[in-house]
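Reviewing the structure listed below.
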Amino acid sequence: MSLRRCAAKFPDVIDVKAAAQLADMLSTSSGEDHPTTLASALHYRARRNAVGGQLWKLVETCGIAPIVTATIIPQGWDISGLDLNQVDPVKFMERFRKALNSCGATGSSGFIFASMHGEYEPSKDVWQLHIHLVAAGEMVTVLKRLKKLKGYRTKRTDKLDNSNPVYRRMRISDKDLTDLPKPLTYTMQSFWPARAIYETDKGPKRQTVKRRIAEPFHALQLLWIHRWSLKDLSLLMGLRVTSTGLKLTRKLGT
C-alpha cells in the first residue's frame, strides 16, 4: 500500500500531509539517484555501504584485538505501536552511552560503533528497539561488564515469575570476523521487519522469519525514520568521523 493510500485509509494514525510530502520525495528514486532520507532504502543502503567500508578499513588496519560484534536489547526499549513517533533516538543512544560509561568506557581504549535498529511485534503491538554494534580492544571488557548492569542482565522471569519475552538482553559474538564487510554492515540495517513472539513449552520464542510490517505501522516507521539521520541513530566511542574516514581517538593503553 502506498503512503498516500495508507494515509487516506488511516487518517487518525498517519499524518496525511507528511505522508504526501514523503511520498513525493520517494517517487524520485531511480538508479543511483535517490532522495536523502533514511526512508529511502536506496539512500540508507548507500550510507550503510559507505560507513561499512570505512569500518572494514579500520578493522583491518587498526591492530586492535579482540574485535567482537553484539546485539543489545536494553530494558525499556519496547515501545507501544502508536508511540514510535515519541521516540528520540539521540536520547536513547545517549542513555546507552551513559550505561557504557558507568562500566568504564570513559577510560578505556579501543572503540565502539553502534547503531539503533527495530522490529515490530504484531501480536503485542510493540516496537522492539535494539542495538547492533562492533567493539574492539578494552571496550570489549566494558561490554562484558554491561551484561551485569540492571536493564542489561539475562533474566528468564519477571518479578511475578512470568517468562520474559526478552530474557537475554545481550548477545556478544567473539567469533573471527569473516565474509567482510557483512558483519560490519549488519550494524546498520535499513529493513525493519515484523517478527511475532509465540509461546513454547520452553517459554517465549521469537519468529525466525522476517516479514514486512503491516500497515499502518509500516508507514509510521517510514515517517519516523525520515525525521532522523544515520548520525542520530548511531553512537561512536573512541572514534571520530573525518573527511578520509573513521579515525581512532584513543591510543592503546590510554
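Any read-out appearing in this document is the output of simple, stated calculations on the displayed coordinates, not a laboratory observation. For clarity, every value in this text was computed on a predicted model and none was experimentally measured. Note that each Cβ is placed from the backbone with ideal geometry, even for glycine, and that neighbours are counted across all protein chains shown.
List the residue pairs whose Cβ atoms are under 6 Å apart, where the first residue sits in the range 229-251 and is touching a residue at least 12 places away in the same chain (Cβ under 8 Å) and under 21 Å from His117 (Cα atoms), the second is surrounded by fewer than 20 Cβ atoms within 10 Å (Cβ to Cβ) and charged (D, E, K, R), and the two are 6 or more positions apart or on different chains.
These pairs meet every condition: Leu230/Arg47; Leu235/Arg97.
Those residues that are of a type in the set (D, E, K, R), surrounded by 15 or more Cβ atoms within 10 Å (Cβ to Cβ) and either part of a strand (DSSP E or B) or over 23 Å from the mean Cα position of the chain (by Cα) (or both), I need them from the range 15-61; list them, please.
Asp15
For the range 1-48: of the residues being in contact with a helix residue (DSSP H, G or I) (Cβ under 7 Å, 6 or more places away or on another chain) and β-branched (Val, Ile, Thr), which is nearest to Thr187 (Cα to Cα)?
Restricting to residues being in contact with a helix residue (DSSP H, G or I) (Cβ under 7 Å, 6 or more places away or on another chain) and β-branched (Val, Ile, Thr), the top hit is Thr37.
Looking only at the range 134-148, decide whether some residue is surrounded by fewer than 16 Cβ atoms within 10 Å (Cβ to Cβ) and without any contact (Cβ under 8 Å) to a residue 12 or more places away in the chain.
yes
What residue, among those in the range 211-245 that are charged (D, E, K, R) and in a helix (DSSP H, G or I), is surrounded by the most Cβ atoms within 10 Å (Cβ to Cβ)?
Checked the range 211-245; the qualifying residue surrounded by the most Cβ atoms within 10 Å (Cβ to Cβ) is Asp232.
Hey, among the residues in the range 14-60 that are among the polar types (S, T, N, Q) and touching a residue at least 12 places away in the same chain (Cβ under 8 Å), which one's nearest to Trp192 (Cα to Cα)?
Out of the qualifying residues, it is Ser40.
For the range 67-84, give me each residue that is touching an Asp or Glu at 6+ places or on another chain (Cβ under 9 Å) and surrounded by 14 or more Cβ atoms within 10 Å (Cβ to Cβ).
Once the filter is applied, which keeps residues that are touching an Asp or Glu at 6+ places or on another chain (Cβ under 9 Å) and surrounded by 14 or more Cβ atoms within 10 Å (Cβ to Cβ), the range 67-84 yields Ile67, Val68, Thr69, Asp78, Gly81, Leu82.
Is it the case that some residue within the range 44-51 is under 20 Å from Lys231 (Cβ atoms) and small (Gly, Ala, Ser)?
The answer is yes, given that some residue of the range 44-51 is under 20 Å from Lys231 (Cβ atoms) and small (Gly, Ala, Ser).
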